[in-house]
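I have placed the structure first, in the form of structure tokens, so that the comments after it can refer back to it.
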Amino acid sequence: MPWEPATIRLSYEFHRDTVIELLRIDSKEIRIFPLVNLKGERSALLDPLLRDPAFSGCRMMVERVGYEFLRGANEMLRIRVAG
């Protein structure tokens, strides 16, 4: 079976754990861009991430950016560690 990147889906837990690790490494702020999939649809993982209690000590903001990488990809997620 040939490898098909479009069929590979990583779990919500994988994404959450990756963000937690990035925050551990940087400890102040990370930015995630783009927030859409290759079809230009907002990622289904974004809302659960924004509500996840694991980030209760963070300020999470979806912000508009001045460029569009893909159709509809004109927002980023900024996560700042509180305190």
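The values are calculated or read from the model by the stated rules, or taken from the named source; none is laboratory data. This structure is a prediction, so every number in the text was calculated from the model and none was measured. Every residue, glycine among them, receives a Cβ derived from its backbone with ideal geometry; neighbour counts consider all protein chains shown.
Before moving on, here are some points about what is shown:
- Here Glu4 fits the description: at pLDDT below 95 and not small (Gly, Ala, Ser).
- Residue-level analysis places Tyr67 among those that are more than 12 Å from the chain's Cα centre (by Cα) and hydroxyl-bearing (Ser, Thr, Tyr).
- Residues of the stretch 14-59 that turn out to be surrounded by 15 or more Cβ atoms within 10 Å (Cβ to Cβ), assigned to a strand (DSSP E or B) and under 10 Å from the mean Cα position of the chain (by Cα), as a count: 3
- For Val62: the one exception among (1) of a type in the set (A, V, I, L, M, F, W, C); (2) surrounded by 11 or more Cβ atoms within 10 Å (Cβ to Cβ); (3) at pLDDT below 90: (3)
- Meets criteria (of a type in the set (A, V, I, L, M) and touching a strand residue (DSSP E or B) at 6+ places or on another chain (Cβ under 8 Å)) for Ile20: no
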